[in-house]
Amino acid sequence: MRTFLKILKFVLIFALAVSVSFVLGLTIGVLVKGGDVSFGVILSKIKGLSWEEVIGVPLVSVLSMLVGGALQIILHELGHLIGGLLSGYRFLSFQAMGIVLVNDGGKLRVKRFNMDGALGQCLMTPPDVPSDKMPVVVYNAGGVVMNVIATAICVSIILCAKGLSPFAYIFFGVTALIGLYFIIVNGVPMCISGLPNDGYNMLKLRHNEKSREAFASVLRLCVLLSEGVRPRDIPLSIFQNPEEVDFSQPIQVNLLLGYASTLMDMGRYDESERIFLEIIEREKKIKIFVLESKCELSCLLMMRGETDEASSLIDEKELKMVKSMSGSMSSKQRYLFFRALHCEEDRKKAEEIYNTVDSRRNNYLIKGEVDMDLEMMRAQL
């Protein structure tokens, strides 16, 4: 039944995409020709289409959405890369649609990495300067600037090029609309699902020194973990005073979460547990921070035998998210290991999870966490 519902959901989404793409492609074609886009005109155009056009317009529109969307994502992250390099940042990783290019000790490696909720991301090492001198505008603005350039090129082609096929107009029109969407969603300061976009970062980091300091520390923390440094070996000086964290600033909460994980790897379980609890109780907007805290707190509870309380922390929807992230994050595999061993009492399943993480230890993007997770799992076997 569940498989049937998944197939039905896919068919419905695909049918909706084709329908929207058909009308969108047809509307762009009418606009290019300078025609009226009223409902009556669109309906008359549909009636006058040949079978080739009936099939071709929605097909090209769907392909344009896929190709144009991928192009705008890649260009957006490339803009961050260029902006970072111009600001003195050093390249760490470039992720687009599950494929990651990683600077692994000076060598570029390609890995697969599924980051829930993010189709692209460019991580860079910040320059070694005081927090009040940290360049944040060009790095954050680079993605939107690149989308503006790409969208302007598409619009210029539509308005100036002659002799293009209708399908070419559809492609450039759809790509321009996607670019406009990226410009608004990333450029207009806002938080989406609690996470700040580029415009919000530019606005807040310029005027909030504590957040600017946290921004640089989070990037440095990502670098250390990606290079294979265990959380317990990260100098505590990189973190801010947990008593002074402003929970209205997502970047400060992000750094606090890293601090709690570091304490956990150092064996300071009571301190880390208090921080995880505080994030769960106080963080109302950013679900991924809450989920991360729930997973870590669950493991701590299961370590001391409080299985019922641990299993009740994660609901079915959250468990589904954890499983979707487990292929690229060893910490999520560790949670599933603890759940299998303590809640499901399935030692064989737990051992299989451990062996999977151990055999793939060099494939994870956050390498520093892997040794910590394997050690915690071994201690339970």
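Just the ratio, please: alpha-carbon radius of gyration of the range 208-378 over 2.2 N^0.38 Å, N its number of residues. Please report the intermediate quantities before stating the final value.
Details: Rg = 15.5 Å, N = 171, 2.2 N^0.38 = 15.5 Å.
Cα Rg divided by the expected 2.2 N^0.38 Å: 1.00.
May I ask you to sort Thr307, Thr151 by Cβ crowding, counting other Cβ atoms within 10 Å and putting the fewest first?
Numbers: Thr307 18, Thr151 22.
Listed from fewest to most nearby Cβ atoms, that is Thr307, Thr151.
Tell me, what ³J(HN,Hα) does each residue in the range 372-381 have, in order and in whole Hz, if you take phi through Karplus 6.51 cos²θ - 1.76 cosθ + 1.60 with θ = phi - 60° and put x for Gly and Pro?
4, 5, 5, 5, 5, 6, 4, 5, 8, 7
Please list the non-local residues whose amide H lies under 5 Å from the amide H of Ser326, H modeled 1.01 Å from N, same-chain partners needing a gap of 5 or more.
So Ser326 has HN proximity to no qualifying residue.
Efficiency by 1/(1 + (r/R0)^6): what FRET value for Lys133 and Asp246, r their Cβ-Cβ distance, R0 = 22 Å, to the nearest 0.05? Walk me through the numbers on the way to the answer.
Values: r = 21 Å, r/R0 = 0.97.
Taking R0 as 22 Å, the efficiency between Lys133 and Asp246 is 0.55.
How large is ³J(HN,Hα) for each residue in the range 343-350, as worked out from phi by the Karplus curve 6.51 cos²θ - 1.76 cosθ + 1.60 (θ = phi - 60°), to whole Hz, x for Gly and Pro?
Karplus-based 3J(HN,Hα) across the range 343-350 equals 8, 8, 6, 10, 5, 4, 5, 4 Hz.
Hey, what's the per residue convex hull volume over the C-alpha atoms of the range 219-269, in cubic angstrom? All intermediate terms of the calculation are to be shown ahead of the outcome.
Details: hull volume 3.6 nm³, N = 51.
Dividing the Cα hull volume of the range 219-269 by its residue count gives 70 Å³.
For the pair Asp346 and Arg220, what calculated FRET efficiency results from E = 1/(1 + (r/R0)^6), where r is the Cβ-Cβ distance and R0 = 41 Å, to the nearest 0.05?
On the way: r = 39 Å, r/R0 = 0.96.
For Arg220 and Asp346, the calculated efficiency is 0.55.
Can you put Ile153, Ile314, Ile366 in order of Cβ neighbours within 10 angstrom, beginning with the fewest?
Working: Ile153 14, Ile314 20, Ile366 17.
Ranked by crowding around the Cβ, least crowded first: Ile153, Ile366, Ile314.
For a protection proxy built on the mean count of beta-carbon atoms within 10 angstrom, sort 93-104, 344-355, 276-287 highest first, please.
On the way: 93-104: 18.2, 344-355: 14.6, 276-287: 16.4.
With the highest mean Cβ count within 10 Å placed first, the list reads 93-104, 276-287, 344-355.
For the range 220-229, just list the computed ³J(HN,Hα) in residue order, Karplus coefficients 6.51, -1.76 and 1.60, θ = phi - 60°, integers in Hz, with x standing in for Gly and Pro.
Coupling constants for the range 220-229: 5, 4, 4, 4, 4, 5, 5, 7, x, 6 Hz.
Could you work out how far apart the two model spin labels at Ser165 and Phe91 are, taking each label as a point 7 Å from the Cα in the direction of the beta carbon, and quote it in nm?
Reported label-point gap for Ser165 and Phe91 is 3.5 nm.
Provide, for q = 0.12, 0.15, 0.22 Å⁻¹, the log10 of I(q)/I(0) from a solvent-free Debye sum over equal Cα point scatterers in the range 120-177.
-0.48, -0.60, -0.86
Taking the Cα centre of the range 202-324 as the origin, how large is its charge dipole in debye, to the nearest 20, when only Lys and Arg (+1) and Asp and Glu (-1) carry charge on their Cβ atoms? Intermediate values should be presented prior to the final figure.
Numbers: 18 positive and 22 negative charges, 119 e Å.
Charge dipole, the range 202-324, about its Cα centre: 580 debye, nearest 20.
Lys and Arg at +1, Asp and Glu at -1: add these up for the other residues within a Cβ distance under 11 Å of Gln380 and post the number. Each step should come with its number before you reach the end.
On the way: positive: Arg334, Arg347, Arg378; negative: Glu351, Glu375.
Residues close to Gln380 contribute a combined charge of +1.
Quick note: the coordinates plus some simple rules give every number you see, no bench work behind them. All figures in this text were calculated on a predicted structure; none of them were measured in a lab. In this analysis, Cβ positions are derived from the backbone assuming ideal geometry, glycine residues included, and neighbour counts consider all displayed protein chains.
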